[in-house]
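The values are calculated or read from the model by the stated rules, or taken from the named source; none is laboratory data. Just so it is clear, the structure is predicted and the values come from calculations on it, not from any experiment. Don't worry about glycine lacking a Cβ; one is built from the backbone with ideal geometry, like all the others, and counts go over all protein chains shown.
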Amino acid sequence: MMLLNHSFRYEIPTVIEFGIGAIRELAGHVKALGGTKVLIVGDPGVVLAGVVDRLTAPLKSADIPFAVFSEIEADPDIGSVEKGLALAKQEGCDLVVGVGGGSSLDTAKAIGIMLTNEGHIRDYVGINKVVHQAAPVIAVPTTAGTGSEVTIWSVLSDKKAKVKLSVGSPYNCPTLALCDPELTVSLPPHITAATGMDALTHALESYVNKATQPISEGMAVQAMKMIARSLRLAVVQGENIQARSDMLLASLIAAMAFNSTRLGLAHALALPLGAHFKIPHGTVNAILLPEVMQFNVIGNPNKFKEIAAIFGEKVEHLSVREAAERSVSAIRQLKQDVGITQSLSDYGLREEHLDFIAEEAMLSGNVPVNPRKPTLEDLKNICRAVMEN
């Protein structure tokens, strides 16, 4: 229930075009945005899979020149932004098309910022530090997880310093999200599972946190309903276009929810764990989420009861607390069903690492909005609980 004195703001500057075959209209969108030469930003995987060719075909047909930048790895380094920016300036590109998962899209967005802003991308780490609107960016997601195609965030890495850097600004939102479910059909099951659990974590943490508001709540609920009915199917029936469409749309909607609310402890811990132990972002969120939920249940039991019902738990004759606890078991089962069985120790986390992981996590802006205030020991206990299978 929303308090009468609770004010909020919701804003999304991104236009969304969603549908099977949507990428065939890319050239028209480039022209409408005034682009004269396009920088296509995608990781080597989308190049090898022929996805970039599917984007360049309509550009060639419309005689729109382009250059391709593909020096991107998982957890993209700030060096990739510098290299992509240099290529864009060298080639005279004035519009960026990002294609792929979060790494490609976050890099493309950061390049768009640096085409119109002075200095180095490090200068804009934090929230609302970007001075000028980015160059036009069209985001084409090929995974259903990060929702980067509509978010204010670019999450980058400084791999020498082993830290993750987040740039957050409405100016960092893509101009257009071009979402074609067909591009996700070839995703292997383990990536489908991890990215889907990432989308779920976005929706769920936004829904239960202290910054929640009516618009984000509605979107978070819708995203969770779609994930509940379609994530398992998308993992085991990759060719199921309805399940793929549900997951791509759920990812996008979940991102629209957390854009204005931030997240919670799973994401606060995921950033240092990912930076130091190279755990894929979706996987680390999936590992952490049930334990974070267990910790948070008493902070928002009514919301957790609703989550339990969304995921098929029978809660009618249970107390609020008992029903809320069912949400945790439901998500544990979902994680198991989609094949995420790893523990943090599988990636090298040990007891002696927990102090600095907890200390770094506590600096996250996701901690103050979490439904239950944690101590450093609480964060370490969450990690301990998922250090073994």
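Here are some residues: 149, 82. Which one is free of Cβ contacts under 8 Å to residues at least 60 places away in the same chain and either within 19 Å of residue 256 (Cα to Cα) or acidic (Asp, Glu) (or both)?
Details: 149 fails: free of Cβ contacts under 8 Å to residues at least 60 places away in the same chain.
Every option except 82 fails the conditions.
If I go through region 313-347 residue by residue, how many of them are among the aromatic types (Phe, Trp, Tyr) and out of contact with any helix residue (DSSP H, G or I) (no Cβ under 6 Å at 6 or more places or on another chain)?
Taking region 313-347 as the starting set, the residues that turn out to be among the aromatic types (Phe, Trp, Tyr) are 347.
Still in the list and also out of contact with any helix residue (DSSP H, G or I) (no Cβ under 6 Å at 6 or more places or on another chain): none.
Count: 0.
Can you name the residue in region 207-238 that is in contact (Cβ under 8 Å) with a residue 40 or more places away in the chain, in a loop (DSSP other than H, G, I, E, B) and not hydroxyl-bearing (Ser, Thr, Tyr) and is also nearest to residue 187 (Cα to Cα) among such residues? Break it down stepwise before answering.
First, the residues of region 207-238 that are in contact (Cβ under 8 Å) with a residue 40 or more places away in the chain: 207-217, 221, 224-225, 228, 231-232, 234-236, 238.
Next, only the ones that are in a loop (DSSP other than H, G, I, E, B) stay: 209-213, 238.
The next check asks that each one be not hydroxyl-bearing (Ser, Thr, Tyr); those that pass are 209-211, 213, 238.
Details: 209: 31, 210: 34, 211: 33, 213: 33, 238: 7 Å.
In this case the residue turns out to be 238.
Yes or no, residue by residue, for (1) without any contact (Cβ under 8 Å) to a residue 12 or more places away in the chain; (2) on the phi < 0 side of the Ramachandran plot; (3) part of a loop (DSSP other than H, G, I, E, B):
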site	(1), (2), (3)
290	no, yes, no
309	no, yes, no
313	no, yes, yes
329	no, yes, no
336	yes, yes, no
366	no, yes, yes
373	yes, yes, yes
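Is region 206-217 home to any residue that is farther than 25 Å from residue 374 by Cα and either outside the structural domain of residue 150 (by TED's automatic domain parsing) or surrounded by fewer than 18 Cβ atoms within 10 Å (Cβ to Cβ) (or both)? Spell out the reasoning first.
Filtering region 206-217 for residues farther than 25 Å from residue 374 by Cα gives 214-215.
Now restrict to residues that are either outside the structural domain of residue 150 (by TED's automatic domain parsing) or surrounded by fewer than 18 Cβ atoms within 10 Å (Cβ to Cβ) (or both): 214-215.
Yes, because at least one residue in region 206-217 is farther than 25 Å from residue 374 by Cα and either outside the structural domain of residue 150 (by TED's automatic domain parsing) or surrounded by fewer than 18 Cβ atoms within 10 Å (Cβ to Cβ) (or both).
In a helix (DSSP H, G or I), surrounded by fewer than 15 Cβ atoms within 10 Å (Cβ to Cβ), without any contact (Cβ under 8 Å) to a residue 60 or more places away in the chain and not basic (Lys, Arg): does that describe residue 352?
Yes, satisfied.
Report every pair of residues separated by at least 6 positions or lying on different chains whose Cβ atoms are under 8 Å apart, first residue within region 19-45 and in a loop (DSSP other than H, G, I, E, B), second among the β-branched types (Val, Ile, Thr) and modelled with pLDDT under 95.
43/72
Among 19, 42, 79, 50, which is the only one that is under 25 Å from the mean Cα position of the chain (by Cα) and buried (at least 23 other Cβ atoms within 10 Å of the Cβ)? Break it down stepwise before answering.
On the way: 19 fails: buried (at least 23 other Cβ atoms within 10 Å of the Cβ); 79 fails: buried (at least 23 other Cβ atoms within 10 Å of the Cβ); 50 fails: buried (at least 23 other Cβ atoms within 10 Å of the Cβ).
Among 19, 42, 79, 50, only 42 is under 25 Å from the mean Cα position of the chain (by Cα) and buried (at least 23 other Cβ atoms within 10 Å of the Cβ).
Report yes if residue 290 is within 26 Å of residue 322 (Cβ to Cβ) and either within 16 Å of the chain's Cα centre (by Cα) or modelled with pLDDT of 95 or more (or both), otherwise no.
Numbers: within 26 Å of residue 322 (Cβ to Cβ): yes; either within 16 Å of the chain's Cα centre (by Cα) or modelled with pLDDT of 95 or more (or both): yes.
When the stated conditions are applied, residue 290 passes them.
Across region 169-193, what is the number of residues that are surrounded by 24 or more Cβ atoms within 10 Å (Cβ to Cβ), under 14 Å from the mean Cα position of the chain (by Cα) and either farther than 29 Å from residue 123 by Cβ or assigned by TED's automatic domain parsing to the domain that holds residue 231 (or both)?
Within region 169-193, residues that are surrounded by 24 or more Cβ atoms within 10 Å (Cβ to Cβ), under 14 Å from the mean Cα position of the chain (by Cα) and either farther than 29 Å from residue 123 by Cβ or assigned by TED's automatic domain parsing to the domain that holds residue 231 (or both) number 2.
Out of region 334-349, which residues are of a type outside the set (A, V, I, L, M), surrounded by 15 or more Cβ atoms within 10 Å (Cβ to Cβ) and closer than 17 Å to residue 293 by Cα?
Within region 334-349, just 335 meets the criteria.
Would you check which residues across region 50-73 are outside any loop (DSSP other than H, G, I, E, B) and not hydrophobic (A, V, I, L, M, F, W, C) and list them?
Here is the first cut: in region 50-73, the ones outside any loop (DSSP other than H, G, I, E, B) are 51-61, 66-69.
Result: 53, 54, 56, 58, 60, 61.
Which pairs do you get when a residue that is outside any loop (DSSP other than H, G, I, E, B), found in region 173-193, comes within reach of a residue that is of a type in the set (Phe, Trp, Tyr), reach meaning Cβ atoms under 8 angstrom, with the pair 6+ apart or on two chains?
Pairs that qualify, where the first residue is outside any loop (DSSP other than H, G, I, E, B) and the partner is of a type in the set (Phe, Trp, Tyr), are 177/18; 179/18.
Name the pairs whose Cβ atoms lie under 6 Å apart, with the first residue in region 117-131 and small (Gly, Ala, Ser), the second not in a loop (DSSP other than H, G, I, E, B), and 6 or more positions between them or separate chains?
none
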